[in-house]
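See structure below.
The values are calculated or read from the model by the stated rules, or taken from the named source; none is laboratory data. Everything numeric in this text was worked out from a predicted model, so none of it was measured. All Cβ positions, even for glycine, are placed from backbone atoms using ideal geometry, and neighbour counts span all protein chains on display.
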Amino acid sequence: MKALRVEKRGVALREIERPARDDEALVRVILSGICNTDLEIARGYAGFKGTIGHEFVGVLEAAPENRLIGQRVVGEINAGCGKCDLCLTGDPRHCPARTVLGIVGRDGAHAEYLQLPLTNLLPVPSQIPDEHAVFTEPLAAACAIAERVSITQETKVAVIGDGKLGLLTGVRRSPGFCIGARPAAPAWHAGLEVNLSRRYGNQRRPSCRRRNQHRRLALWTLWTSARSFEERRDRTRQHDQRRVSARERRARDGPCE
């Protein structure tokens, strides 16, 4: 089968043997998602060598038990040892000897087939398309935040970054992408229209000072996330164009408070 693998000299598409462990499920991959972790591993992060990728949706082709065979599935990417105290108490995700799909000790999802323990797999409802199901893993990571910390409607939080996980974390908290019940105002970052949680006084627009603070933060984030001078230059131009559009909106809507 074909697989995208990290090797000593970088990333390469290779022909390798199909995984064939009898004690695990065999999944034919339909779609795999590219995570920033994959890009970092390709640059040497974690010292992983093998098939990368951990976001996927696929069809279960074979398993030690007949359940779920032929169905679309997604999966928990951490596979515990099954013997330590954490595994025996139902928390294999934090097993010290665990393998992690495409990250630690286990070939990943950028391939035609992958293997995971059957207990790691979950069926995908028929009404959810593959293009949505492939985001299950980052959505699960966003939901896991609430398992670690207590967040209420009155909690003030900051989501740093507008990547997949950042966006899903915001959506996880509120359909309006606003933490708690406070209204949200639009901000533009890297071409993506997102909503930042802000406090309004009697539903008023934010002050000029706050607007300028958000502009500086957005521009700083654009620059620090760019990888070349040309990318910084292009992002700065886009940022300036959005500022012109914002001024036009303010002129139309009236002066700020």
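One table, with the values for the structure above:
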quantity	calculated
Options G176, G161: the member that is part of a loop (DSSP other than H, G, I, E, B), in contact with a helix residue (DSSP H, G or I) (Cβ under 8 Å, 6 or more places away or on another chain), among the small types (G, A, S) and at pLDDT below 80	G161
Total residues in segment 101-119, condition within 17 Å of A25 (Cβ to Cβ), part of a strand (DSSP E or B) and touching a helix residue (DSSP H, G or I) at 6+ places or on another chain (Cβ under 9 Å)	1
Members of segment 53-68 found to be touching an Asp or Glu at 6+ places or on another chain (Cβ under 7 Å) and either of a type in the set (S, T, N, Q) or closer than 20 Å to A20 by Cβ (or both), listed by number	G53, P64
Checking K2 against (1) surrounded by fewer than 16 Cβ atoms within 10 Å (Cβ to Cβ); (2) in contact (Cβ under 8 Å) with a residue 40 or more places away in the chain; (3) under 24 Å from L122 (Cα atoms), the condition it does not meet	(3)
Test: residue in segment 48-56 that is of a type outside the set (F, W, Y), farther than 19 Å from C35 by Cα and not in a loop (DSSP other than H, G, I, E, B)	no
Checking G70 against (1) at pLDDT 95 or above; (2) within 17 Å of A109 (Cα to Cα); (3) touching a strand residue (DSSP E or B) at 6+ places or on another chain (Cβ under 8 Å), the condition it does not meet	(2)
I145 being at negative phi, surrounded by fewer than 17 Cβ atoms within 10 Å (Cβ to Cβ) and outside the structural domain of F48 (by TED's automatic domain parsing)	yes
